[in-house]
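The numbers here are math on the coordinates, done by the rules we state, and not lab data. Given the structure is predicted, the values throughout are model-derived calculations rather than measurements. Here Cβ is always computed from backbone atoms with ideal geometry, including for glycine, and neighbour counts include all displayed protein chains.
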Amino acid sequence: MVERSQQEVWRLTPWLVIALLLLNFVLMAFDARVDGGQRVIRVWTQTVADFVQSPVTTVTSSVMNYFSSIATLRTAQTENEELRQRIQELEVELEGTRDLATENERLRKLLGLREESKYRILPTRIIGRDPSIWFDSAIVDRGSLDGVNLNMPVVSSGGIVGRVTAVGPLTSQVDLITRDKSGVGAIVGEVGESNALGVVTGTSKSDLLEMRYVSGSVEVQPGQIVYTTGQDGIYPAGLRVGEVVEVRSGSATTPHVILVRPGSKLESMQELAILLYEPPKKPEFERALPNVEKGRR
Amino acid sequence: MEQVKITVALIIAVLLQWTMRNVAEPMAYVDFTLIVIVYAALQRNAIRAIIYGTLAGLAVDALSGGLLGASAFSKTLVAYLVSEIARRVYLDNLLLRIPVIAAACIVDDLVYFGVHSLLGQQPNVPVGTTIAYSLIGTTVAGTLIYIMLEFSFSERTRGRRRESLSARRSSRRRNPIKLSK
């Protein structure tokens, strides 16, 4: 091995720093291009990290479950009595529901309708959070081997959570809807019943979203529910986004600015689901438009 | 030997950075990789510290929602600045290292935020609060980790401790004052 003198090292260092800084800057500029693709380095690092993150998550969640089960034991007896009473009430309700279900099935058969799901749902678990405090992405334990693709929507019981932005063989990275670069085509109220259409984007607060471009002439009230419209080409229509908490009213010429609280508890969630959903293909005439390449990114 | 130890410490730091936020959210405010990189830079081996900065930064960026290379950029710069300061100023005292890790944390955060803003990627957290919490978390953890590293890793410290102990023993033996007859 070549031993370098201290002076030689100090002479060499600034050049090495400049070279590395340039390399990193080129990487950043390349990554900042919004082309919808994914980076090989991310995919492989995720795969390596999975071998550490999965066992750590398993161990910590089982330890936490153990302690929380001890804590819940204290209230178990009172809860038990309440639940017994509730079971009796539900049994009565169930009898009524059974009759309705049988009737429903009979009528469906009569009409020739089939029960079918719009898309498959893949349950998943968060095994890692963003190592940097500045962003809020999550790593989940499903990857391309489970059929996950880029841009697939991720949901929880409360509503949409985000979309898949990098896919490894075993894991995927999910960018949350709270990110400022995210955009979800949304509507206040049910699709078809309202015309308060707009785009939901992230804000600098993790528990608040902003809905823009909603016409100022449409009436919007706090407490109303916001749903996806399916027009963004990522999320299917009819999924819950959140609830309106504040409306900064616009006018006939300026749009409303609506603050929305996400339906999912984004800071504390652990169990999620990936929708194996492919958005419908754009019609031929739309793909032939001159800005089609930009639009696809 | 010290090179191997710092490399192991850096690998552990990267693994902690990858996992700890999912275990406890406040741990996200501790930048383990920065602590080890600053420690490496304080050992006056600039080239090693800079390369460690780039590699650890890239490992963190790859799992982050931020730009690939942003953390590597800021950590490379911090490693260089700290090694330059360590070359000019005597920083072997632990008390002097506390302001260094605090300053390194602020520079790292500002550069990271700056390059993202420059390339049109706005982080979704309040800047001032995040830098303040990160400063507290990293400085406190850094001080504790440096004490640990000094006592378990540094051959020099061990040697110094041994020397001081033997000096005390010999001075006690040579003490001419007799308290009793």
Report task. Could you go through the stretch B:118-123 in sequence order and give the Karplus-derived ³J(HN,Hα) for each residue, using 6.51 cos²θ - 1.76 cosθ + 1.60 with θ = phi - 60°, rounded to whole Hz, and x for Gly and Pro? Result -> 4, 9, x, 10, 8, x
Query raised in the report: When A:S206, A:S264 are ordered from fewest to most other Cβ atoms inside 10 Å of their Cβ, what list results?
Result: A:S206, A:S264
**Report entry** Under-5 Å amide H pairs with A:R163, H placed in peptide plane, nonlocal only
**Finding:** A:V154, A:D175
Report task. Could I get the Rg over Rh figure for the stretch B:1-72? Both from C-alpha atoms, Rh via Kirkwood, rounded to two places. Result -> 0.98
Requested in this report: Would you work out the relative contact order for chain A, in percent, from Cα pairs under 8 angstrom that are 6 or more residues apart?
Outcome: 16 percent
Query - Residues in the stretch B:92-135 reached by a label modelled at B:E150 [backbone nitrogen below 15 Å; 7 Å Cα→Cβ] - result: B:92-102
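Listed highest first by mean packing, meaning other Cβ atoms within 10 Å per residue, what order do B:87-93, B:134-140, A:216-222 come in? Numbers along the way, then the final one.
On the way: B:87-93: 10.9, B:134-140: 19.1, A:216-222: 13.7.
For the peptides B:87-93, B:134-140, A:216-222, the packing ranking is B:134-140, A:216-222, B:87-93.
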Query raised in the report: Using θ = phi - 60° and the Karplus curve 6.51 cos²θ - 1.76 cosθ + 1.60, what whole-Hz ³J(HN,Hα) does each residue of the stretch A:126-139 get, with Gly and Pro shown as x?
Result: 6, 10, x, 10, 4, x, 9, 6, 6, 10, 9, 7, 9, 9
Query raised in the report: Can you list the HN-Hα couplings for the stretch B:39-53, worked out from phi with the Karplus curve (6.51, -1.76, 1.60; θ = phi - 60°), rounded to whole Hz and with x for Gly and Pro?
Result: 4, 5, 5, 6, 7, 6, 10, 4, 4, 4, 4, 5, 5, 4, x
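Counting residues in the protein assembly as shown as N, plug N into 2.2 N^0.38 Å and put the Cα Rg over that result. List each step's numbers first, then the result.
On the way: Rg = 28.6 Å, N = 478, 2.2 N^0.38 = 22.9 Å.
Cα-based Rg divided by the globular estimate yields 1.25.
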Query raised in the report: Taking amide hydrogens as modeled 1.01 Å from N in the peptide plane, which residues meet the under 5 Å criterion relative to A:Q224, leaving out close sequence neighbours?
Result: A:V244
Query - Inter-label distance, nm, simple model (7 Å from Cα along the C-beta direction), A:A19/A:T58 - result: 4.3 nm
Query raised in the report: From the cross-link list A:K205/A:K281; B:K5/B:K75; A:K181/A:K205; A:K265/B:K75, which pairs have alpha carbons spaced over 23 Å apart?
Result: A:K205/A:K281; A:K265/B:K75
Report summary line: With 0.36 nm assigned to each residue of separation and the Cα-Cα distance removed, A:V26 to A:K265 gains 82.4 nm
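Helices from chain A with mean Kyte-Doolittle at least 1.0 and a Cα length along the axis of 30 Å or more, per DSSP H: which?
Going by DSSP H runs, the hits are A:6-32.
Taking neighbour Cβ counts within 10 Å as the exposure measure, how do A:M211, A:M269, B:M20 sort from fewest upward?
Details: A:M211 27, A:M269 16, B:M20 20.
In order of increasing Cβ crowding within 10 Å: A:M269, B:M20, A:M211.
What is the Rg over Rh value, at two decimals, for the stretch A:120-182, using alpha-carbon atoms and the Kirkwood definition of Rh? Working shown, then result.
Details: Rg = 11.0 Å, Rh = 11.7 Å.
That ratio is 0.94, to two decimals.
Provide the FRET efficiency to the nearest 0.05 for the A:E93-A:K181 pair, computing r from the beta carbons and using R0 = 51 Å. Don't skip to the end; give the middle numbers.
On the way: r = 46 Å, r/R0 = 0.91.
Efficiency, rounded to the nearest 0.05: 0.65.
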Report summary line: Between A:L272 and residues 5 or more places away or on another chain, the pairs with built amide H atoms under 5 Å apart involve A:T124, A:R125, A:I126
Report task. For each of A:D175, A:D50, count neighbouring Cβ atoms within 10 Å of the residue's Cβ, then give the residues from fewest to most. Result -> A:D50, A:D175
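Are there trypsin sites (Lys or Arg not before Pro) in the stretch A:6-67 that DSSP marks as loop and that have at most 10 other Cβ atoms within 10 Å, and which are they?
Working: sites: A:R11, A:R33, A:R39, A:R42; in loops: A:R33, A:R39.
Loop-located and lightly packed - A:R33.
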